[in-house]
Amino acid sequence: MDKKKTIDALQFFVTNLSEGAFVHKLQGQIFKSQGFNKLGEKYVEHYTEEMGWVEKFVDRILDLGGEVKAEGQKSRELICDPVAYVKADLAIQVPGVDLLRKCMESLTDDPTTYDIMKAYLADEEEDLFWSEEQLDLVEMIGVQNWLVKQM
């Protein structure tokens, strides 16, 4: 097992997932302030869930004797339109899931990390399917009806 490779992969996800999670938290607060409480709660809960994965990745880095880094976050534009945000989030999720699958291929020699990442992949696929479902609903019932469901 190449510990450095595993630690580097986990650190990559710690950095990028914590950034994405924070954006979800802010977006959730924006949506709640607009009266879309269900959608807002969905993204605030998503933040909490994603930070749970960050904790698991950090714990694994430490178990492997690695040093965890608190790396800077990139600036990201927040989106006030709920449908536009779901579309933008999906545009990030699709390549993110593909990247995660590729990363897992390089971790097969570390079954513990592989299992953590496999569970994370299942969670990310569920999130991706939820976003796709929401956009399908928008197409079927219209934006206004979908927005009412988010209140």
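Bear in mind these aren't lab numbers, they're just calculated from the coordinates by the rules spelled out. Source: prediction; values computed, not measured. Cβ atoms come from the backbone with ideal geometry, glycine included; neighbour counts cover every protein chain shown.
Apart from one condition, Asp89 fits all of (1) among the charged types (D, E, K, R); (2) over 15 Å from the mean Cα position of the chain (by Cα); (3) surrounded by 15 or more Cβ atoms within 10 Å (Cβ to Cβ); the exception is (2).
Between a first residue in segment 110-129 that is in contact (Cβ under 8 Å) with a residue 24 or more places away in the chain and surrounded by 12 or more Cβ atoms within 10 Å (Cβ to Cβ) and a second residue that is assigned to a helix (DSSP H, G or I) and among the aromatic types (Phe, Trp, Tyr), which pairs have beta carbons less than 6 Å apart while being 6 or more apart in sequence or on different chains? Hits for this filter: Tyr120/Trp53. Counting the residues of segment 130-151 that are surrounded by fewer than 17 Cβ atoms within 10 Å (Cβ to Cβ) and either on the phi > 0 side of the Ramachandran plot or of a type in the set (Ser, Thr, Tyr) (or both) gives 1.
Here segment 9-36 is the region considered, the condition is being in a helix (DSSP H, G or I) and farther than 21 Å from Ile92 by Cβ, and the residue that is farthest from the chain's Cα centre (by Cα) is Ser33.
Yes/no per residue for (1) free of Cβ contacts under 8 Å to residues at least 12 places away in the same chain; (2) within 16 Å of Thr113 (Cα to Cα); (3) touching a Ser or Thr at 6+ places or on another chain (Cβ under 9 Å):
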site	(1), (2), (3)
Gly28	no, no, no
Lys38	no, no, no
Ile61	no, yes, yes
Val68	no, yes, no
Glu71	no, no, yes
Asp81	yes, no, no
